[in-house]
Amino acid sequence: MQYDFDSIIPREHTNCLKYDWRKQIFGTDNVIPFWVADMDFKVANEILEDIHNAVNHGIFGYTYQYDSAYEAFISWQKKKHDWNISKQNILFFNGVVPSINVIIQEFTEPGDEIIVQPPIYHPFFLSIESNKRTVIWNELQENEGTYYMDFENLKSQIGPRTKMLLLCNPHNPVGRAWKKEELEELHAICKEHNILVVSDEIHSDILFSGTHTPWAKISEDASQNSITLMAPSKTFNIAGLHLSVIITENTAYYKRVQNFINTIHLTMSNTLSLVGFESAYTKGDAWLQELLTYLHTNMAHIHDYLDDTRIHTNTPEATYLAWLDCSELNLSEKELHAKFVEAGVGLSNGSIFGKGGEQYMRLNFACPRKTLEQGLEKIQKIAR
Ligand SMILES: Cc1ncc(COP(=O)(O)O)c(C=O)c1O
């Protein structure tokens, strides 16, 4: 290994959510944190060096979104997902969740219905609710630890005010990298009912098995009827830099999003974020390959510790998030939360991800193996 994922880098007192908000979230600092989705690994040296150079220059004036940043992203998509996009399809923005909110506001009206498929990353439905739109829940169906979309239920729920579907591709928290055939079936339904698909693909590069299918690649129609959101933040552990991209090959949609962004004057990006973005997509691949190997072994460790106990883990195809089925413990959501905190580990309660999450806990395993093992020993005690 060229890169070091084993070193434990203290993050306490750095104003990071994961460590410095433990008291707020868990009522105590005395838990090993496995909750919010960022990693406890140092960013690749190549990226750090480019950011250091930009810092050393010493001037952080207004910066436009320069061609080489676009090109870095375009080449990455071509290389990693065989997806051809052009500069005129891409808009930079300050994060995926802010983008979801812009798109909800631009493409729907208060009272319109927007579909989500829980258990799902909670800001999806929180954004719908905070914008006074109505959430349509199409709960995923679980079968032997794997989750599937329920197309029949989806069809039965669509009405005249159903305007949009927020897709999580791959899906946080259940770790599915949706197959092309599944996406095609979903597209057929959305096309028939004129439902705009917003595909959040922020986790697409943390992939362990199968392939990532960009929604826009499944067909020309799907591409025209969608907006895709991506970012280097999960892949390269630069979430705090807050830079993401909005991609659509539909020229009319592109103009509408662009006008919205112009209107709120968020057209420029953070100088250092752009440097990190370009550097990640041009120089981060070797680090990412080693990271994936390391994470894969971490996942195997979770199985080693928990197989043959009363807590059952899935094997995510994508994301560094394990989805722990705790139903055999027969505890309420509140009791489950308390049990984990009491044991000294801070996980995300499955219930925050909506329907179907009540008996689960989400474990972020993007941390040094020693930290993970310490946590797993504690979880094992609950699980026995
Ligand atoms: C599916 C998904 N989308 C978006 C985000 C956050 O994106 P951003 O920080 O760019 O708003 C996360 C973070 O965990 C996520 O899991």
Hits in region 19-74 - residues which are in a loop (DSSP other than H, G, I, E, B) and touching a Gly at 6+ places or on another chain (Cβ under 7 Å): Asn30, Val31, Phe34, Trp35, Ala44
Residue pairs meeting the criteria (Cβ under 8 Å; at least 6 apart or on separate chains; first away from the ligand (no atom under 16 Å from the Cβ), in region 104-123; second at pLDDT below 95 and open to solvent by less than 20 Å² (accessible area, probe 1.4 Å)): none
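Give the number of residues within region 18-37 that are within 16 Å of the ligand (Cβ to nearest atom) and either open to solvent by less than 40 Å² (accessible area, probe 1.4 Å) or outside the structural domain of Glu333 (by TED's automatic domain parsing) (or both).
Within region 18-37, the subset within 16 Å of the ligand (Cβ to nearest atom) is 18, 21, 25, 33-37.
Subset that is either open to solvent by less than 40 Å² (accessible area, probe 1.4 Å) or outside the structural domain of Glu333 (by TED's automatic domain parsing) (or both): 18, 33-37.
Of the residues in that region, 6 qualify.
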Near pairs, Cβ below 8 angstrom, 6+ apart or cross-chain, from region 341-364 (touching a residue at least 60 places away in the same chain (Cβ under 8 Å) and open to solvent by 10 Å² or more (accessible area, probe 1.4 Å)) to any residue that is small (Gly, Ala, Ser) and in a loop (DSSP other than H, G, I, E, B): Val341/Gly27
For Gln374: the one exception among (1) of a type in the set (S, T, N, Q); (2) within 17 Å of the chain's Cα centre (by Cα); (3) open to solvent by 60 Å² or more (accessible area, probe 1.4 Å): (2)
Pairs, first assigned by TED's automatic domain parsing to the domain that holds Ser204 and open to solvent by 10 Å² or more (accessible area, probe 1.4 Å) in region 236-254, second more than 10 Å from the ligand (Cβ to nearest atom) and acidic (Asp, Glu), C-beta under 9 Å, six or more apart: Asn237/Asp40; Glu249/Glu220; Tyr253/Glu106
Among the residues listed as Ala72, Ala54, the single one being assigned by TED's automatic domain parsing to the domain that holds Ala239, touching a residue at least 40 places away in the same chain (Cβ under 8 Å), among the small types (Gly, Ala, Ser) and crowded, with 16+ Cβ neighbours inside 10 Å: Ala72
Top-ranked residue of region 131-170 - restricted to ones that are in a strand (DSSP E or B) and among the hydroxyl-bearing types (Ser, Thr, Tyr), ranked as farthest from Gly357 (Cα to Cα): Thr162
For Ile103: the one exception among (1) within 26 Å of Ala69 (Cβ to Cβ); (2) surrounded by fewer than 21 Cβ atoms within 10 Å (Cβ to Cβ): (2)
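Could you pull out the residue among Asn259, Asn298 that is in a helix (DSSP H, G or I) and assigned by TED's automatic domain parsing to the domain that holds Asn101?
Only one candidate passes the filter, namely Asn259.
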Residue within region 179-193 that is charged (D, E, K, R) and part of a strand (DSSP E or B) present: no
Residues being within 19 Å of Ser351 (Cβ to Cβ), out of contact with any Pro (no Cβ under 6 Å at 6 or more places or on another chain) and charged (D, E, K, R) - total across region 124-145: 2
In region 148-184, residue farthest from Pro123 (Cα to Cα) [restricted to those that are of a type in the set (Ser, Thr, Tyr) and open to solvent by 10 Å² or more (accessible area, probe 1.4 Å)]: Ser156
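The values are calculated or read from the model by the stated rules, or taken from the named source; none is laboratory data. Just so it is clear, the model here is predicted, and its values are computed rather than measured. Methodologically, a virtual Cβ is constructed for each residue, glycine included, from the backbone with ideal geometry; neighbour enumeration extends over all protein chains shown. Note: areas computed on protein heavy atoms with side chains; ligands, DNA, RNA excluded. Shrake-Rupley method; radii C 1.70, N 1.55, O 1.52, S 1.80 Å.
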